[in-house]
Structures are given as structure tokens and as C-alpha cells.
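Asks: Dumping the structure here so I can ask a few things about it.
The values are calculated or read from the model by the stated rules, or taken from the named source; none is laboratory data. Computed from a prediction, not measured in an experiment: that's the story for all the values here. Reconstructed Cβ throughout: ideal geometry from the backbone, glycine too, with neighbour counts over all protein chains shown. We work out accessible area using only protein heavy atoms, side chains counted, and drop any ligands, DNA or RNA first. Shrake-Rupley method; radii C 1.70, N 1.55, O 1.52, S 1.80 Å.
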Amino acid sequence: MKARAVEGLDAKAPLRPNAARTVRTRLDELHSLAPAALEPSAATAQHEMRIAAKRLRYVLEIAGPCFGPEAKAARDAAKRLQGVLGEIHDCDVMLPRAWGIASLRNLLRTRRELLFRQFSEVWREQAEDGTWAALERALSRTA
């Protein structure tokens with residue numbers, strides 16, 4: 001999945017406005033993938049959401065100090081999403097390789113189901129806790 005282009009960057013502008021545009025683009029990218037990724041069998045969408053979470057996390061690791069504790073919380077949330085979605089992807093990669101080993105395939109399917117439930121709960125908790133809304137507010141303060 002190719003990263004979305006960040007519109008409106010200005011090489012002569014201070015770091016914070018450019019960083020805010022970049023973080024907002026990565027956050028929008030993450031949110032746009034959620035509806036499809038929240039479908040249990042949407043392996044491709046889940047993998048793309050993992051990549052989007054990774055991109056958001058990495059930009060927050062660099063630019064997060066510009067936006068305060070909300071950015072740290074969002075970085076930690078993105079890391080958590082990236083982790084659980086990565087484990088789901090590992091199951092998706094291993095399932096075809098376990099052909100002919102019924103017990104391993106059953107274990108991988110069960111693990112994937114449990115991980116998907118964990119992903120769904122994490123996403124819901126992050127929304128309910130206001131993690132992403134707080135980041136948006138922090139980004140808006142830099143405008």
C-alpha cells in the first residue's frame with residue numbers, strides 16, 4: 001500500500017505546522033482503513049491498516065514532542081494496533097504454509113480469531129478513550 005501524499009507542506013515553514021499536516025494525513029489514512037479492517041476475514045485491509053499504524057507511529061516518534069502527551073498516547077496506541085495486526089498477519093501468512101497439518105491449521109485459525117477480537121476491542125477502546133480525538137485537538141493547537 002502506497003502512503004498518501006501529504007498536501008500543503010512548506011519547506012520554509014516551522015516544523016510544527018508541517019508535522020501536523022503529516023500526522024493528520026497518517027491519522028486519516030489509519031481511520032479510512034478501519035471500516036474494512038473490522039471485517040473478520042479482511043486480511044488485506046488488516047495488513048494495510050497495520051502499515052498505516054506503523055507510519056503513524058513512526059511520524060509520532062519523530063514529531064510527537066511538538067504535540068505533547070496526546071501524541072505520546074497516540075503513538076503508544078498506534079504501536080499496540082501495529083502489534084496485534086502484525087500477529088494477525090503472521091497467522092495469515094502461516095496458514096497456507098501449514099497445508100496438510102490439520103492441528104496447526106486449527107491452532108492458527110483459532111489464534112487469528114482471538115487476535116481479531118483483540119484488535120476490535122483495542123480499536124473500540126481507543127475510540128472510547130478519546131485517543132484519536134485528543135491527538136486531533138493537539139494538532140489543531142499548532143495551526
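Asks: Just to be sure I understand the filter: pairs with C-beta atoms under 6 Å, separated by 6 or more residues or on different chains, first member in the range 105-127 and under 15 Å from Gln82 (Cα atoms), second member among the charged types (D, E, K, R). Which pairs pass?
Replies: Leu115/Glu87; Val122/Arg80
Asks: Does Ala53 count as small (Gly, Ala, Ser), within 11 Å of the chain's Cα centre (by Cα) and modelled with pLDDT of 95 or more? Show your work before the answer.
Replies: Values: small (Gly, Ala, Ser): yes; within 11 Å of the chain's Cα centre (by Cα): yes; modelled with pLDDT of 95 or more: yes.
Yes.
Asks: Whether any residue in the range 5-19 is in contact (Cβ under 8 Å) with a residue 40 or more places away in the chain and open to solvent by 60 Å² or more (accessible area, probe 1.4 Å) is what I want to check.
Replies: Our first condition is that a residue be in contact (Cβ under 8 Å) with a residue 40 or more places away in the chain; within the range 5-19, this holds for 15-17, 19.
Subset that is open to solvent by 60 Å² or more (accessible area, probe 1.4 Å): 15-16.
So far as the range 5-19 goes, yes, one or more of its residues are in contact (Cβ under 8 Å) with a residue 40 or more places away in the chain and open to solvent by 60 Å² or more (accessible area, probe 1.4 Å).
Asks: Return only the number of the condition from (1) surrounded by fewer than 15 Cβ atoms within 10 Å (Cβ to Cβ); (2) in a helix (DSSP H, G or I); (3) more than 16 Å from the chain's Cα centre (by Cα) that Ala127 does not satisfy.
Replies: Checking Ala127 against (1) surrounded by fewer than 15 Cβ atoms within 10 Å (Cβ to Cβ); (2) in a helix (DSSP H, G or I); (3) more than 16 Å from the chain's Cα centre (by Cα), the one that fails is (3).
Asks: Now, a different point. So which of Thr22, Thr44 ends up being open to solvent by 80 Å² or more (accessible area, probe 1.4 Å) and either hydrophobic (A, V, I, L, M, F, W, C) or within 20 Å of the chain's Cα centre (by Cα) (or both)?
Replies: Values: Thr22 fails: open to solvent by 80 Å² or more (accessible area, probe 1.4 Å).
Thr44 is the lone residue from the list that is open to solvent by 80 Å² or more (accessible area, probe 1.4 Å) and either hydrophobic (A, V, I, L, M, F, W, C) or within 20 Å of the chain's Cα centre (by Cα) (or both).
Asks: Condition first: open to solvent by 90 Å² or more (accessible area, probe 1.4 Å), of a type in the set (A, V, I, L, M, F, W, C) and in a helix (DSSP H, G or I). Now tell me which residues in the range 61-107 satisfy that.
Replies: Ile62, Leu107
Asks: Do we have Leu33 as surrounded by fewer than 20 Cβ atoms within 10 Å (Cβ to Cβ) and over 17 Å from Ala134 (Cα atoms) here?
Replies: Values: surrounded by fewer than 20 Cβ atoms within 10 Å (Cβ to Cβ): no; over 17 Å from Ala134 (Cα atoms): yes.
No.
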